[in-house]
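Working notes, beginning with the structure itself.
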Amino acid sequence: MRHRHVLPLALAVAAGCGGGKAPPPAEPPGYAGPEITLAVPSPGAFLLQGGAGPSPVELAGQACDPAHALTALTVAGTPVALDDAGSCQSFRVAVPARLGLVVVRGEVANDAGQTGALAQAFIRSPDYFALGAGDADARAPSGLLLVLGPTFADDGDRSTPDDVATIAERVLQGLDLDAAAGDVRLADPDADGDGHVDLASYDCVFWTQRNKRTGFEAWKTGPLTRAAVAVDSLALVDGGFAMRIAVHGLRLPLAVMGNVDSGCLGDAQMTVTGAAAADALVLEGQAAVGLDAAGRPAAAFAPLQATLSGLRLDIDLGPLLDWTGLGSAVGDAIAAQVRGPVQQAIGAAVQDLLDRRLSGLLAALAEIRSTATLPPSLGGVELLVEAGVDAVDFAAGGAILASAVQVRPVAPRPEHVGEGTPGAMRMGSSPGAAAGLGGAALQLGLAEDVVNQILHAAWLGGAFDADDLAQRVDLGLPGARLAVFSRLPPVLMPREAGAPGLDLGWGGVDFDLALPGGGGAEVRGTLSLVLQVGIEADAAGLRLAWGEPAVDVEVRDANWEPRPQARAMARDLVAGAVRSLLPRLLSDAAGAFPLPTLDLATVDPGLPPLVLSFTDPRAERAGGYLLVSAEVAAVP
């Protein structure tokens, strides 16, 4: 904490006391010492070249001193031979530039022992995303992964709806099987298919007799009822799901009318009532999961195999059969009706409901269109996040739903959207196989490309610019005013020399720091920083962990005399203050990101009114993704 007041105190003392000896007469008014300027690449440039590894980049510029002879010049670690004549020295050197943010450092000295420093930044990448809304090149392919583990499909526990099988079982409880079965009516003989016994006509002595022929009619007299619907199992298989469902305690109330045709003597009927009942209707089959014509994930069951067990007729057909002489034909016909059209209608209703509900659930898990508002420390910038499924992979060990993602600002700042400004730096990522989840119910994967899209979109929206940053966050500099303008977005990038992990680079940040008292000290310049970054997860959510930053500062002006010494001192003090303040600023700007939840009622009103949330999260980095593995819990 002792760094909080070092910078204002030192600058105030320097401004009030003059900071040392007066400059020699040969130095013109406002002389600040030797300076280095970089012309190629221009500061804040986005270079499109090279590959994932270091790529040579040519640097060109000059060092100048209007008052003293230059004695040494180093650019990007390369000594530059000096000419004897002139106040400016041009340079041209080639350096291997890493992928991502490149900070060009340089130092020049003169014969008066004064120094100047260069710390300019640019971004180098072989590829960038586009900026246009709806442009396919603006989306990060498979930028968001949802990896389903076997226990998310079915954990074997139906007491809590935190897996697909239990959710499906609760959805099926609302299925209206009576409506699915519809009107049940059959007759024999029934040549015209109207559900009634055919008629016969007889020419009698004085009249024509019309009778129903000898046969029977059976019809539903009340609603089809059932006991529980149970999802016995749901498993991930190659290409989709396999499911076994049992509808228990089916009962179909029926009336059966028998008719005897006695020709000219007329006909007579007898009616008995009861029900057709079954212990269970077992439905088994597989659903293929893929993308429909609109590009949405869809589950489509093949016709379910149905097995009706324990079918019986709770109807006393004995007197009817004896009277009509129809034998067992009545019972056989009713059983065939239940095993045939009724069974098929129930299976089709279950299949249709599962197709719709599972497709809706999968689409909601993998599709996003929403806005996110950054915290006040980042200016409250509003971002639009869009994700649409671009790949589906189901296997026995797990399933992947991958979504292409684009993140862009709702209102980009004009200063950042110039001609030729690219989208975010693209590093590339590829999801692995669905299997091998280590037992996790769910994994949520965010491509590092998407993190760069978020950072780039925030930059476009002005999240890293401020007329006075002190009004957003506590800088530990009471009364100070700090204006910042970022020429470049922060970028996530691989560490150098193939080291494991990631760096966060942020460069080209112009600053203007003014402090009260002590003569009104003011420092203007540019800073760049690179720091190691990791990922952590706990009950509070997902957070980034930061390492010690490497800070480079170029001071263009410090407004107290002698300016060459003031500029050198201000450079060291600003770098020290940034190292001290940065962890707190980052914590304010990027605290714990809460893990997502899913309200099933918002997905589909037909789903149970429950919220699914992550529990016991664990974080890692793999294959260009930041991965969070977690179990799932149902929140009432």
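The values are calculated or read from the model by the stated rules, or taken from the named source; none is laboratory data. For clarity, every value in this text was computed on a predicted model and none was experimentally measured. Glycine gets a Cβ as well: all are built from the backbone with ideal geometry, and neighbour counts include every protein chain shown. Only protein heavy atoms, including side chains, enter the accessible area calculation; ligands, DNA and RNA are left aside. Shrake-Rupley method; radii C 1.70, N 1.55, O 1.52, S 1.80 Å.
Structure summary
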item	result
Qualifying positions in the stretch 445-473 - touching a residue at least 24 places away in the same chain (Cβ under 8 Å) and either part of a loop (DSSP other than H, G, I, E, B) or acidic (D, E) (or both)	E448, D449, G461, G462, A463, F464, D465, R472, V473
Residue ID - surrounded by the most Cβ atoms within 10 Å (Cβ to Cβ), chosen from residues in the stretch 282-301 that are on the phi < 0 side of the Ramachandran plot and not in a strand (DSSP E or B)	R296
Set P605, P564: member being farther than 22 Å from D465 by Cβ and either surrounded by 16 or more Cβ atoms within 10 Å (Cβ to Cβ) or at pLDDT 85 or above (or both)	P564
Selection from the stretch 25-57 of residues that are touching a His at 6+ places or on another chain (Cβ under 9 Å) and either within 16 Å of M425 (Cα to Cα) or exposed (fewer than 13 other Cβ atoms within 10 Å of the Cβ) (or both)	A26
Residues of the stretch 379-417 that turn out to be at pLDDT 85 or above and out of contact with any Ser or Thr (no Cβ under 9 Å at 6 or more places or on another chain), as a count	19
Criterion violated by R312 - all others in (1) basic (K, R); (2) under 46 Å from the mean Cα position of the chain (by Cα); (3) at pLDDT 90 or above satisfied	(2)
Answer residue from the stretch 87-98, given it is of a type in the set (S, T, N, Q) and outside any loop (DSSP other than H, G, I, E, B) and is nearest to G428 (Cα to Cα) among those	S90
Strands (runs of 3 or more DSSP E) wholly inside the stretch 99-216 that include at least 2 residues being small (G, A, S)	100-110, 115-125, 140-148, 199-203
Residue satisfying all of: in the stretch 104-144; open to solvent by 20 Å² or more (accessible area, probe 1.4 Å) and of a type in the set (A, V, I, L, M, F, W, C); nearest to A457 (Cα to Cα) among these	L131
Any hit, the stretch 474-482, residues being in a strand (DSSP E or B), in contact (Cβ under 8 Å) with a residue 24 or more places away in the chain, in contact with a helix residue (DSSP H, G or I) (Cβ under 8 Å, 6 or more places away or on another chain) and surrounded by fewer than 22 Cβ atoms within 10 Å (Cβ to Cβ)	yes
Single condition A589 does not satisfy, out of (1) at pLDDT 75 or above; (2) crowded, with 16+ Cβ neighbours inside 10 Å; (3) of a type outside the set (S, T, N, Q)	(1)
Considering residues of the stretch 483-496 that are assigned to a loop (DSSP other than H, G, I, E, B) and closer than 19 Å to D465 by Cα only, the residue most open to solvent (accessible area, probe 1.4 Å)	R487
Any hit, the stretch 515-532, residues being closer than 22 Å to P409 by Cβ, hydrophobic (A, V, I, L, M, F, W, C) and not in a loop (DSSP other than H, G, I, E, B)	no
Some residue of the stretch 393-414 being crowded, with 19+ Cβ neighbours inside 10 Å, hydroxyl-bearing (S, T, Y) and over 30 Å from G182 (Cα atoms)	yes
Any hit, the stretch 305-315, residues being in a strand (DSSP E or B) and open to solvent by less than 30 Å² (accessible area, probe 1.4 Å)	yes
Any hit, the stretch 319-330, residues being of a type in the set (A, V, I, L, M), more than 16 Å from E217 (Cβ to Cβ), surrounded by fewer than 19 Cβ atoms within 10 Å (Cβ to Cβ) and out of contact with any Cys (no Cβ under 9 Å at 6 or more places or on another chain)	no
All positions within the stretch 235-250 that are under 19 Å from I346 (Cβ atoms) and buried (at least 17 other Cβ atoms within 10 Å of the Cβ)	M243, R244, I245, A246, V247, L250
Identity of the residue in the stretch 518-545, over 25 Å from G508 (Cα atoms) and under 18 Å from the mean Cα position of the chain (by Cα), that ends up most open to solvent (accessible area, probe 1.4 Å)	E536
Residue satisfying all of: in the stretch 415-430; hydroxyl-bearing (S, T, Y) and within 30 Å of L291 (Cα to Cα); surrounded by the most Cβ atoms within 10 Å (Cβ to Cβ) among these	S429
Verdict on V282 being within 30 Å of A187 (Cβ to Cβ), of a type in the set (V, I, T), at pLDDT 90 or above and within 40 Å of the chain's Cα centre (by Cα)	yes
Qualifying residue in the stretch 362-372 (condition: open to solvent by less than 20 Å² (accessible area, probe 1.4 Å) and over 22 Å from V231 (Cα atoms))	yes
Those residues of the stretch 149-192 which are β-branched (V, I, T), touching a strand residue (DSSP E or B) at 6+ places or on another chain (Cβ under 7 Å) and surrounded by 18 or more Cβ atoms within 10 Å (Cβ to Cβ), in sequence order	V164, V184
Filter pass, T160 being free of Cβ contacts under 8 Å to residues at least 60 places away in the same chain and out of contact with any Leu (no Cβ under 8 Å at 6 or more places or on another chain)	no
Residue check for D198: touching a residue at least 24 places away in the same chain (Cβ under 8 Å), among the charged types (D, E, K, R) and within 30 Å of G327 (Cβ to Cβ)	no
Qualifying positions in the stretch 496-511 - within 16 Å of I123 (Cβ to Cβ) and within 27 Å of the chain's Cα centre (by Cα)	L502, D503, L504, G505, W506
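Okay, residues lined up against (1) closer than 30 Å to A136 by Cα; (2) part of a helix (DSSP H, G or I); (3) among the aromatic types (F, W, Y):
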{"residue": "G331", "(1), (2), (3)": "no, yes, no"}
{"residue": "Q344", "(1), (2), (3)": "no, yes, no"}
{"residue": "D352", "(1), (2), (3)": "no, yes, no"}
{"residue": "L365", "(1), (2), (3)": "yes, yes, no"}
{"residue": "S370", "(1), (2), (3)": "yes, no, no"}
{"residue": "A387", "(1), (2), (3)": "yes, no, no"}
{"residue": "Q406", "(1), (2), (3)": "yes, no, no"}
